[in-house]
Amino acid sequence: MLNMVLFGPPGSGKGTQAENIIAKYSLVHLSTGDMLRAEISAKTELGLEAKALMDKGQLVPDEVVIGMIEHKLDGNKEAKGFVFDGFPRTVKQAEALDALLEAHNAPIKVVLSMVVGEEELTRRILNRGKTSGRADDQDESIVKNRVAEYRNKTEPLARYYAAQGKLKEVKGEAPVDEVFGALSAEIDLVK
Ligand code: AP5
Ligand code: MG
């Protein structure tokens, strides 16, 4: 199985590139942000609880997203591989993912880290906020909270994956096609 993590701060292009990657390599896209927004749209209890945190730019509890991912892995047994987008976001989530994938004997092959500066992230997110309808895209102070959560809780994961020899960095400020080319080159080395 070709399993990979798309890693990077809010607005770095994870969702954009995940779509390109699943189309090229016939994989399944698993975005915890998209799953949570689907829960919000369906007005479930989980969605309502998550929305209160997401609208402030804070992470939702580990147990919630780990449970959602477990469910999706069980529901996609025929998949050729998964592109994890926005998950894992804490060391606890990464350990849970490793354990789940070990049970399927299908470890993460590569962690693709997209490096984008804070000014560009903020510009992209506020620009998308004009049309996305996402409350967390519309206010610069919420964007700052999202970036702070990333720096405090998610960035330390880079060391976790570097220690496993899986972390590959690409420049995320280039045009979408160029970034995709750089990501594809890394994927081709492990596939
Ligand atoms: P989530 O939905 O995962 O959002 P995010 O990671 O904060 O960031 P985005 O999805 O906005 O950015 P992206 O990297 O996907 O970039 P995109 O391709 O969209 O999470 C939302 C919230 O859910 C979290 O804050 C948290 O509360 C909760 N959550 C989710 N997962 C969780 C977890 N595992 N644990 C706990 N809580 C969790 O691109 C952004 C914009 O830039 C787009 O407009 C795009 O067109 C543009 N763009 C992309 N690439 C380029 C480029 N190369 N050049 C120019 N523009 C570009
Ligand atoms: Mg996204």
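The values are calculated or read from the model by the stated rules, or taken from the named source; none is laboratory data. Owing to the predicted nature of the structure, the values given are computational and were not obtained by experimental measurement. When we count neighbours, we look across all protein chains shown, and the Cβ atoms used for this are built from the backbone with ideal geometry, even at glycine. These accessible areas exclude ligands, DNA and RNA; they are computed on the full protein's heavy atoms, side chains included. Shrake-Rupley method; radii C 1.70, N 1.55, O 1.52, S 1.80 Å.
Working carefully through the options 122, 131, find the one that is open to solvent by less than 70 Å² (accessible area, probe 1.4 Å), modelled with pLDDT of 95 or more and of a type in the set (S, T, N, Q).
None of the other options fit; the residue is 122.
Exactly one residue among 189, 183 is open to solvent by less than 40 Å² (accessible area, probe 1.4 Å), under 30 Å from residue 25 (Cα atoms) and touching a Lys or Arg at 6+ places or on another chain (Cβ under 9 Å), and that residue is 183.
How many residues does region 139-180 contain that are near ligand 1 (Cβ under 8 Å from one of its atoms) and open to solvent by 50 Å² or more (accessible area, probe 1.4 Å)? The total comes to 4. If you go through region 1-35 and keep only what is of a type in the set (A, V, I, L, M), assigned to a helix (DSSP H, G or I) and open to solvent by less than 30 Å² (accessible area, probe 1.4 Å), you end up with 18, 21, 35. Do we have any residue at all in region 94-110 that's out of contact with any His (no Cβ under 6 Å at 6 or more places or on another chain), among the polar types (S, T, N, Q) and at pLDDT 95 or above? Checked region 94-110: no residue is out of contact with any His (no Cβ under 6 Å at 6 or more places or on another chain), among the polar types (S, T, N, Q) and at pLDDT 95 or above.
Residue by residue, here is whether (1) touching a helix residue (DSSP H, G or I) at 6+ places or on another chain (Cβ under 6 Å); (2) within 16 Å of ligand 2 (Cβ to nearest atom); (3) of a type in the set (A, V, I, L, M); (4) within 23 Å of residue 147 (Cα to Cα) holds:
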{"site": "19", "(1), (2), (3), (4)": "no, yes, no, yes"}
{"site": "32", "(1), (2), (3), (4)": "yes, yes, no, yes"}
{"site": "43", "(1), (2), (3), (4)": "no, no, no, no"}
{"site": "51", "(1), (2), (3), (4)": "yes, no, no, yes"}
{"site": "86", "(1), (2), (3), (4)": "yes, yes, no, yes"}
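Looking at region 60-72, which of its residues are in contact with a helix residue (DSSP H, G or I) (Cβ under 8 Å, 6 or more places away or on another chain), open to solvent by 40 Å² or more (accessible area, probe 1.4 Å) and within 11 Å of ligand 1 (Cβ to nearest atom)? If the condition is that a residue be in contact with a helix residue (DSSP H, G or I) (Cβ under 8 Å, 6 or more places away or on another chain), open to solvent by 40 Å² or more (accessible area, probe 1.4 Å) and within 11 Å of ligand 1 (Cβ to nearest atom), then 64 is the only one that fits. Scanning region 72-126 for residues that are more than 19 Å from residue 17 (Cβ to Cβ) and free of Cβ contacts under 8 Å to residues at least 12 places away in the same chain yields 74, 75, 77, 78, 95, 98, 99, 102, 103, 105, 119.
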